[in-house]
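The values are calculated or read from the model by the stated rules, or taken from the named source; none is laboratory data. Bear in mind the structure is a predicted one, so any value in this text is a computation, not a measurement. Methodologically, a virtual Cβ is constructed for each residue, glycine included, from the backbone with ideal geometry; neighbour enumeration extends over all protein chains shown. We work out accessible area using only protein heavy atoms, side chains counted, and drop any ligands, DNA or RNA first. Shrake-Rupley method; radii C 1.70, N 1.55, O 1.52, S 1.80 Å.
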Amino acid sequence: RAGGPARVAPHDAGATRPLNELLASINLTHPGGLERWLNTPVSGAAQKLPQLTQLSLMVHEVREDVRAAFPDPLGDDQTAFARWFVTFGAAEFRLHRSLIDPVLRSFPLRLQVRLTASRVRKRLKRASNGKV
């Protein structure tokens, strides 16, 4: 494209840099200037809510087990995948709160409270096992 590099979404399978290498190069506990980019809402989802972000789909793409469990994150599996992302995904990837909030806040308030409590329990369990 004239005037600058082509825009490639981070979850685009055609990206030249392997996605797992890209994720490994980002400090997800302190995203700094990348926060806005990582939190960019993804278009093309079957439902408006819950919202998915660039980061959530990047995580989906790099984890074979997550892809198997949620093969259609922008369709039939959107809600279940979003729940996994804000609980298990957040803990496993040690995501900064700011990277979880856009997805978490897109759930109804009652479910936000339950999902937040689940995250806190997982964090406490990790702490008690010495994996802080």
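The sole residue among Trp84, Trp37 that is surrounded by fewer than 17 Cβ atoms within 10 Å (Cβ to Cβ) and either of a type in the set (Lys, Arg) or in contact (Cβ under 8 Å) with a residue 12 or more places away in the chain (or both) is Trp37.
The residues of the range 24-46 that are of a type in the set (S, T, N, Q) and in contact with a Leu (Cβ under 7 Å, 6 or more places away or on another chain) amount to a single one, Asn39. Taking residues in the range 14-33 that are modelled with pLDDT of 90 or more, and partners anywhere that are among the polar types (S, T, N, Q), the pairs with Cβ atoms closer than 8 Å and at least 6 places apart or on different chains are Pro31/Ser98.
Just to be sure, is Arg114 outside any loop (DSSP other than H, G, I, E, B), of a type in the set (D, E, K, R) and open to solvent by 90 Å² or more (accessible area, probe 1.4 Å)? It is true that Arg114 is outside any loop (DSSP other than H, G, I, E, B), of a type in the set (D, E, K, R) and open to solvent by 90 Å² or more (accessible area, probe 1.4 Å). Screening the range 40-75 for residues that are basic (Lys, Arg) and over 18 Å from Pro102 (Cα atoms) and picking the one that is least open to solvent (accessible area, probe 1.4 Å) gives Arg63.
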